[in-house]
Amino acid sequence: MGNWEDLPTDLIITISTHITRNADYIRFRAACSSWRSATDARPHHLPRQIPFLLLSGDAFTFYSPTEDRSYFVPFPSGSHYHFLGSSHGWLFLVGPTTSLILLNPFARTMITLPPVVEIPNLFDQVTPNDVERYRASMSRGDGALAIGFWKYLLNKGKLCLDSGSPGFWIAVAFLKSGFAFYRAGDKTWSHAGRYWQFADAELYNGKLYAITRGGILSTIDVAGSFKETVVVSSSPLSFSQDISFYLVASAPDLLLVVRKHSDTDGYRKTVGFEVFKLENGDQGWTRVDKLGDRIIFLERGTSVSLPASGLEGCERGCIYFTQGYEPYEEDKGMEIGCYALEGNYTRHLLCCDPDAKSTCWVAPKWITPCLW
């Protein structure tokens, strides 16, 4: 038998199209140069993947629940970055000095965004508490010297993609005062929204929907003027500091996932969830009692909804979550769990050291692998 690298190109291509896991596809292309050159770097045949858990450590450590194993990717050139969110396989990071980047650790691709200091209205709602938190982190020596004040002014960041417009994407930075947007090809950030604190945003049916921490839902004209239009003026639940909002595109609906917290011995714990769907014509929210064959993964950036059929090791109708609090609360315990909406119970998952510490991030985060 001849060498494996001498297999006919059409046979290599045929074999590659039968691979269904990202990790296996990466291994296949890494076997030799001829296999790599014969196969597509953008394997669109791969199905949606169960998200990995991004764990603490001195490198990007990704835990695969389906394989029960971890993958390690070095940090970019020894620099310190603070995690703001993950979306579609990309990490939104704030780095040394004032840098902001989108990083795909699987494709080893980086997009440099305009720096933090160029975001309009960034300092509009700086409070004495922000200053005290910054001073406290400086005195602890926890890496804030590199990140500076910025992680207290940016609640999170995400990448929004429009499936109906290939190549169109926007980066969204959640400020203490409104939104900042950066579209592909722009030179500067744009500010949008009233002087509210937004909890989440999601592209859905060609519109960007955004919800405030008080439950007001708006659409943002991201293709033009960034004008904000309120479409639902009231929350399905009374405002409380003990709830958090997530917008999730779950075909064919836009869902609002409400996460409920409680404080126990100084630690915030998740005690349950409620789910609502947006009625046609933006007519308000209707409660959802079951997810059917869907699974939701709550991420710090973009939460994802996947069909349970064919996803090994996942329970249908469940919400998978990790700790999802403010950046300055990341040292207040660790949570990894699975909540059954229909049964109203939580199953806690433990797949890493709960006492793990890191100079960058402590609590695990879901991230959906993407090879490009």
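Have a look at Asp242, Asp253, Asp282 and point out the one that is within 21 Å of Lys156 (Cβ to Cβ) and acidic (Asp, Glu).
Asp242
From the list Tyr209, Tyr204, exactly one residue is under 19 Å from the mean Cα position of the chain (by Cα), modelled with pLDDT of 90 or more and at negative phi. Which is it?
Matching residue, one of Tyr209, Tyr204: Tyr209.
In this structure, does Gly157 turn out to be in contact with a Phe, Trp or Tyr (Cβ under 6 Å, 6 or more places away or on another chain), part of a loop (DSSP other than H, G, I, E, B) and either touching a residue at least 12 places away in the same chain (Cβ under 8 Å) or crowded, with 16+ Cβ neighbours inside 10 Å (or both)?
no
Here is a check on your reading of the model: is Ser233 modelled with pLDDT of 90 or more, open to solvent by 40 Å² or more (accessible area, probe 1.4 Å), within 18 Å of Asn280 (Cβ to Cβ) and not hydrophobic (A, V, I, L, M, F, W, C)?
So Ser233 passes the test.
Could you check region 202-230 and list, in sequence order, the residues that are under 19 Å from Pro120 (Cα atoms) and buried (at least 21 other Cβ atoms within 10 Å of the Cβ)?
Ala210, Ile220, Val222
Conditions first: (1) at pLDDT below 85; (2) open to solvent by 40 Å² or more (accessible area, probe 1.4 Å); (3) under 27 Å from Glu228 (Cα atoms). Lys176 passes all but one, so which condition is the exception?
(2)
Ser16 passes all but one of (1) farther than 25 Å from Leu91 by Cβ; (2) open to solvent by 70 Å² or more (accessible area, probe 1.4 Å); which number fails?
Going through (1) farther than 25 Å from Leu91 by Cβ; (2) open to solvent by 70 Å² or more (accessible area, probe 1.4 Å) one by one, Ser16 breaks only (2).
Open to solvent by 10 Å² or more (accessible area, probe 1.4 Å) and at pLDDT below 75: is that true of Phe72 in this structure?
no
Residue by residue through region 236-256, note down the ones that are over 28 Å from Ala184 (Cβ atoms) and open to solvent by less than 70 Å² (accessible area, probe 1.4 Å).
Of everything in region 236-256, those that are over 28 Å from Ala184 (Cβ atoms) and open to solvent by less than 70 Å² (accessible area, probe 1.4 Å) turn out to be Pro236, Leu237, Ser240, Asp242, Ile243, Ser244.
Can you tell me which condition Ala223 does not meet? The list is (1) in a loop (DSSP other than H, G, I, E, B); (2) of a type in the set (A, V, I, L, M); (3) touching a residue at least 24 places away in the same chain (Cβ under 8 Å), and all the others hold.
The one condition Ala223 does not meet is (3).
Looking at region 9-75, what helices (runs of 4 or more DSSP H) fall wholly within it and have at least 1 residues that are within 22 Å of Ile336 (Cβ to Cβ) and under 19 Å from the mean Cα position of the chain (by Cα)?
22-30
The values are calculated or read from the model by the stated rules, or taken from the named source; none is laboratory data. Remember, predicted model here, so these are calculated numbers, not experimental data. So basically every Cβ, Gly included, is an ideal-geometry build from the backbone, and we count neighbours across all protein chains shown. Areas reflect the complete protein model, heavy atoms only, side chains present, ligands, DNA and RNA absent. Shrake-Rupley method; radii C 1.70, N 1.55, O 1.52, S 1.80 Å.
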